[in-house]
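Computed from the coordinates by the stated procedures, all read-outs in this text should not be read as laboratory data. Computed from a predicted model, the values in this text were never measured in an experiment. Cβ placement follows ideal geometry from the backbone for every residue including glycine, while neighbour counts extend to all protein chains displayed.
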Amino acid sequence: MKLLTHNMLTSNIIKGVTKGFPLGIQPSRVEVQEVDFNPDFITRILPKLDWPALRQAATEVGHGDGLPEALPESVDGDEGLQKMLHNILLQVEVLEGELVCPETGRKFPIQNGIPNMLLNETEVS
Amino acid sequence: MAARFGRGMGDAWKRYLFHFANDHFDFKLAELKSLATTVGCKLRVQEENYDKECPFLELQLQSEEDGKLLMQRSTLGRSLYELVAEGRTFAELCDNLQKLPESQRTVSCNESFRIQVEGFNKRLNQAAKVERIEALLESSLKFDGKVNLKQPDHSFHLLEYYGHEGTRPPDQPYWLYFGRWVADGQREKIRQFHLQKRHFIGNTRSLLVACAHHGAYVMGTDIDYMLLHAKARPSRHNQKRREKDESIRANLRQYGLESQYLDVLVADASQHTLWRSQPMFDAIITDPPYGIREPTLKIGTDNPKASIPDDCKDNHHPQRLRYHLSDIFRDLLNFAARFLKMNGRLVYWLPVYRPDYSEANIPQHPCLQMVANCEQTLNTTISRRLITMEKIAEHQEQLSKEGATVEVDHYEDKSFRERYFRANRTIIAEQEAANNS
């Protein structure tokens, strides 16, 4: 699971949960896998991100060093920052671990890099 | 000396001939229009006279570059020609060629050329072809260059149309075109991405490969844990177990597209609150499960008091409910309205029992506008329609309270599944029999 994906996921699927974002991450195996650098994609995805959630997630998986507290409005021309974003959004991957619902503590396993967001039939809203 | 053919004329419109593959009739014009938007070129087509079973379509473009861009993305386009002249008879064609200024029918002595003759719905023998080439050169063309059959500077084509494929061809063609070849389409891609060459086969999941090829970053969900973890029963005939690397990711890696891979999730696509409320996607492309191979399921229970004992929770496989087809489509449209970016597109297959089908069966949503509706017939009674919709309005809870609606529910009648799937099973059985023989 990449942190870009994490930035989009909530646990509001659980019956009664309304503040299921951001999910906590309890990683047991994290890897950095090289992905082609595409500055256009970074620029386009930026306004769609929840920055505090991304920063928190990067810290939880051990890649939060050097990330600014707030994101500048534009990252055009700042290749250093673009590459840093590229790395935490697309290259850092949680291969094994758990996602945690911030409201109920319900855990969702990540195995082989694939999060399992299925609930049991008694938990669905 | 610069070529006389194909010289850019600023923004002036110029006539071209689009030669389609003789396949997927309903998709041809839709693909062409969609590609024009994608590559950002202006296109003029006379739709009134459009005959979808004719492989030739005259169109106007503003530059040859635009034509090349179109062909770089077209899978249904075979070739694109600059249309030099046309006619109802060979004599009329020659006449029209002669009326052109000499500069438009000249190949200078230091350029090479070739002329190819091709009949549609009629095979022309070599003698007939040579006869026509000689007549053209003699009467109408000023080709002083050398003939080069393998790598000419200019390739000219005389295309003769003898009616729809399978009809009885007349002695003389209905129409003749003379054009200069500009570019070929991407028919080769079909072979490159053929199922038999792919490590991993999963219906919806295969769509991701095509999207990634065209530069999309792809993400998908499936309710089937076993499938995403390559533990499901294989779809391939004569294979006992899925290979360990049979994953979507391995599939993209096979084509050098791993950088386009974002993630796959095991999730129930009917649960929209899984996603943070933020329009994120440029396109949503899906082949929803119709119950032919995959049962249509979602997580849930009919028993309101159901509970799972604590000691079973870890290994519990959630109970799944049958998911009504109409609800799948309504959910899908509601999802698209919410999570597509403005002008983003939703593309999905709609299975259809042909005798009962009408346009009122297509689900609608106030935020989505239908762009294309292309039928692929599977047999005389069933087909599937590829529906393309574009997001035209921001999603607002209040305004679209009702969300997606269907005027006439194509799937309400319980016998739909029965009739559709019976017809389809017959086709699958026939295909399997053919594969085995």
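Here are the numbers for the structure shown:
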read-out	value
Full-extension gain in nm, B:Gln254 to B:Lys142, via 0.36 nm per residue minus C-alpha separation	35.3 nm
Residue order, fewest to most surrounding Cβ atoms within 10 angstrom, among A:Glu60, A:Glu73	A:Glu73, A:Glu60
All aspartates and glutamates inside 13 Å of B:Lys146 as judged from Cα atoms, apart from same-chain residues fewer than 8 positions distant	B:Glu111
Neighbour-count order for A:Lys2, B:Lys341, B:Lys28, B:Lys99, fewest beta carbons within 10 angstrom listed first	B:Lys99, B:Lys341, A:Lys2, B:Lys28
Scattering curve values for region A:74-125, log₁₀ I(q)/I(0), Debye with Cα scatterers, q = 0.19, 0.23, 0.24 Å⁻¹	-0.75, -0.87, -0.91
Top of A:Arg55, A:Arg29, A:Arg44 by mean-square fluctuation, Gaussian network on chain A, Cα under 10 Å	A:Arg44
Radius ratio Rg over Rh of region A:3-125, counting only Cα atoms, Kirkwood formula for Rh	0.99
Simple label model, 7 Å out from Cα along Cβ direction - B:Ala128 to B:Leu149, nm	2.0
Calculated [θ] (222 nm, deg cm²/dmol) that DSSP helices of n ≥ 4 give over chain A, each run adding -39,500 (n - 2.57)	-6000 deg cm²/dmol
Per-residue Cβ neighbour rank within 10 angstrom, fewest leading, A:Leu54, B:Leu124	B:Leu124, A:Leu54
Region A:3-125: relative contact order as a whole-number percent, Cα under 8 Å and 6+ apart	37
Lys pairs under 25 Å by Cα in region B:1-120, provided they are eight or more residues apart or on distinct chains	15
Net dipole in debye of region A:65-125 [+1 Lys, Arg Cβ; -1 Asp, Glu Cβ; about Cα centre; nearest 20]	240
Cα-centred dipole magnitude for region B:79-145, charges only on beta-carbon of K, R (+1) and D, E (-1), debye, nearest 20	260
Straight-distance crosslink candidates among aspartates and glutamates, where the alpha carbon sits under 15 Å from B:Lys341 and sequence neighbours closer than 8 are dropped	B:Asp282, B:Glu390, B:Glu394
Cβ neighbours within 10 Å from other chains - mean over B:114-121	0
Total formal charge among the other residues, if their Cβ is under 13 angstrom from that of B:Arg384, Lys/Arg +1 and Asp/Glu -1	-1
Pairwise Lys count, chain A - Cα closer than 17 Å, eight or more residues apart or different chains	4
FRET efficiency estimate (nearest 0.05) - Cβ-Cβ, B:Asn49 to B:Glu397, R0 56 angstrom	0.75
Cα→Cβ-extended label distance, 7 Å offset, between B:Val408 and B:Gln72, nm	4.5
